[in-house]
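What follows is a single structure, written as structure tokens, with notes after it.
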């Protein structure tokens, strides 16, 4: 992990707006997706672990710069979804995303998780995202044609933990 980066697992009151800033800065998410990321943090703050949402946050120099949201998939035994992972545009390419992903994997293993599932778009914009998952040991499990829109397929990844 980078020397000026600290990881934490409990959200704090400032995190909804920090998540909004992180997700917006990436340029990867549509306007209607950004409030969803924020709502998940708010739900965790309101309901705690009962929300089913778990987080890893990376802080640098007193500012939250990256995060992931994950949780157990209902009606499964040991399967987890990685719902969100994003790093602020100013901090991309520094290995922080990989640190966050490794922390998620460790947390899932502590929670008796067996496998993590991730989904993303097939659009060219998401080529770096797909490469990130592949380079971190995830495999493509399925591609659902025209899922998000015509010619925008859902690409599903997984990895055992």
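Run the quick spin-label model on residue 79 and residue 98: label points 7 Å from Cα toward the beta carbon, then report their separation in nm to one decimal.
So the label points at residue 79 and residue 98 sit 3.0 nm apart.
Arrange 75, 69 by Cβ neighbour counts within 10 Å, fewest through most, would you?
Details: 75 6, 69 23.
With the fewest neighbours first, 75, 69 line up as 75, 69.
Roughly how large, in nm² to one decimal, is the mean projection of the convex hull of the alpha-carbon atoms in the range 29-71? The partial results should precede the final answer.
Working: hull surface 13.9 nm².
Averaging across all directions leaves 3.5 nm² for the Cα convex hull.
What share of the DSSP beta bridges in the range 1-134 is antiparallel, in percent to the nearest 5?
Taking every DSSP beta bridge within the range 1-134, about 85 percent pair in antiparallel fashion.
So what is the calculated 222 nm ellipticity per residue for the chain, using -39500 (n - 2.57) for each DSSP H run with n of 4 or more, over all residues, to the nearest 500 deg cm²/dmol?
After summing the helix terms and dividing by residue count, I get -9500 deg cm²/dmol.
Thinking of the range 1-132 as a set of Cα atoms, what percent of all their pairs are more than 17 Å apart?
For the range 1-132, the fraction of Cα-Cα distances above 17 Å is 57 percent.
So what's the projected area for the range 103-155, the Cα convex hull averaged over all directions, in nm²?
If you wrap the Cα atoms of the range 103-155 in a convex hull and average its projections, you get 4.1 nm².
Sticking with the crude label model, points 7 Å out along Cα→Cβ, report the distance from residue 63 to residue 141 in nm, one decimal please.
3.6 nm
Laboratory data are not the source of any read-out in this text; all were calculated from the coordinates shown. Bear in mind the structure is a predicted one, so any value in this text is a computation, not a measurement. All Cβ positions, even for glycine, are placed from backbone atoms using ideal geometry, and neighbour counts span all protein chains on display.
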